[in-house]
Amino acid sequence: MLIIAAIVTVVLVVIDQLIKNWAVADLRPIGEMDFLKIGDLDIMHLTYVENTGSAFGSLAGHRWLLLAVTVLGIGICTYILVRHARKKPFLFWSLVLVVAGALGNMYDRLFRGGAVVDYLDVQLFEFAVFNFADCCVCIGTAMLFVYILFFMDKQPKKKAVQEASHDEA
């Protein structure tokens with residue numbers, strides 16, 4: 001399972017970087033273009049943005065802090081993935097998505113002058129411009145919350161039964 005996690009992570013990071021390379025080469029010179037329209041409904045544009053912060057531009061300019069937090073998060077997710085997620089597919093895939101997205105944006109911070117390339121710009125409502133790696137992190141985090149709220153065993157059944165029988169003795 002860990003080999004699958006590594007392969008999927010690499011594939012997702014490569015997809016993220018290929019899209020970002022396209023954005024730098026082709027979207028940056030024009031700035032913005034229509035992307036998704038249905039009739040007169042303007043849903044999404046592709047807009048080139050370099051974000052030196054995290055979500056919604058927060059912590060802008062704090063590159064090393066953002067890198068440190070990212071490395072810590074990747075380390076925690078990888079530890080959980082290796083130690084606990086192999087037999088829990090929902091947890092497994094949520095962590096793979098979070099790690100892949102974090103690595104994609106971390107690559108930008110390291111090799112694109114500290115800025116993450118964003119390009120997805122929702123037009124239906126006011127929202128931050130984001131990228132594929134952000135989608136991976138958000139979907140993985142949402143899945144992780146669903147796992148914690150609904151699927152995580154707070155106390156394994158065998159252990160609970162053993163403790164109950166020990167208390168009666």
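Between Lys87 and Leu18, the FRET efficiency estimated from the beta carbon spacing at R0 = 30 angstrom works out to 0.40.
So if I place +1 on the C-beta of Lys and Arg and -1 on the C-beta of Asp and Glu, and nothing else carries charge, what would the dipole magnitude of the chain be about its Cα centre? I want it in debye, nearest 20.
Details: 14 positive and 16 negative charges, 193 e Å.
In debye, rounded to 20, the chain gives about 920.
Rolling a 1.4 Å probe over the protein heavy atoms leaves His62 with an accessible area of roughly 100 Å².
The convex hull defined by the C-alpha atoms of segment 1-98 has an orientation-averaged projected area of 8.6 nm².
Find out how many positive minus negative residues lie around Leu12, taking Lys and Arg as positive, Asp and Glu as negative, among other residues whose Cβ is under 15 Å from that of Leu12. Net of charged neighbours comes to -2. Using +1 at the Cβ of each Lys and Arg and -1 at the Cβ of each Asp and Glu in the chain, identify which of Ser94, Gly53, Leu124 lies farthest towards the dipole's positive end. Most positive-ward Cα: Ser94. Distance from the alpha carbon centroid of segment 96-111 to that of segment 1-73 works out to 9 angstrom.
For segment 45-99, the equivalent ellipsoid derived from the Cα gyration tensor has semi-axes of 28, 16, 6 Å, listed largest first. In the chain, excluding the sites themselves, the longest stretch lacking any of the trypsin sites (Lys or Arg not before Pro) that are in a DSSP loop with at most 11 other Cβ atoms within 10 Å is 1-86.
Ordered by solvent-accessible area of protein heavy atoms (1.4 Å probe), largest first, the residues Asp153, Asp16 come out as Asp153, Asp16. Cα axis of helix 63-84 to longest principal axis of the chain: angle in degrees, 0 to 90, nearest 10? Compared with the principal axis, the helix lies near 40 degrees.
Dimensions of segment 55-151 based on its C-alpha atoms, expressed as ranges along the principal axes with the largest first, amount to 38, 33, 17 Å.
For Glu32, the accessible surface of its heavy atoms amounts to roughly 90 Å² (probe 1.4 Å, protein chains only, rounded to the nearest 10).
Rolling a 1.4 angstrom probe over the chain with all protein chains present gives an accessible area of which 69% lies on carbon and sulfur atoms.
Calculated [222 nm] ellipticity per residue, helices only, for the chain: -18500 deg cm²/dmol; basis is -39500 (n - 2.57) per DSSP H run with n ≥ 4, divided by all residues, nearest 500. Legend: P(r) of the chain from all alpha carbon pair distances, 10 Å bins from 0, whole percents, reading 10, 31, 29, 18, 7, 4, 2, 0. Heavy-atom accessible surface of the chain, averaged per residue, reaches 63 Å², computed with a 1.4 Å probe.
The values are calculated or read from the model by the stated rules, or taken from the named source; none is laboratory data. Please read all numbers here as calculations on a predicted model, not as lab measurements. So basically every Cβ, Gly included, is an ideal-geometry build from the backbone, and we count neighbours across all protein chains shown. Note: areas computed on protein heavy atoms with side chains; ligands, DNA, RNA excluded. Shrake-Rupley method; radii C 1.70, N 1.55, O 1.52, S 1.80 Å.
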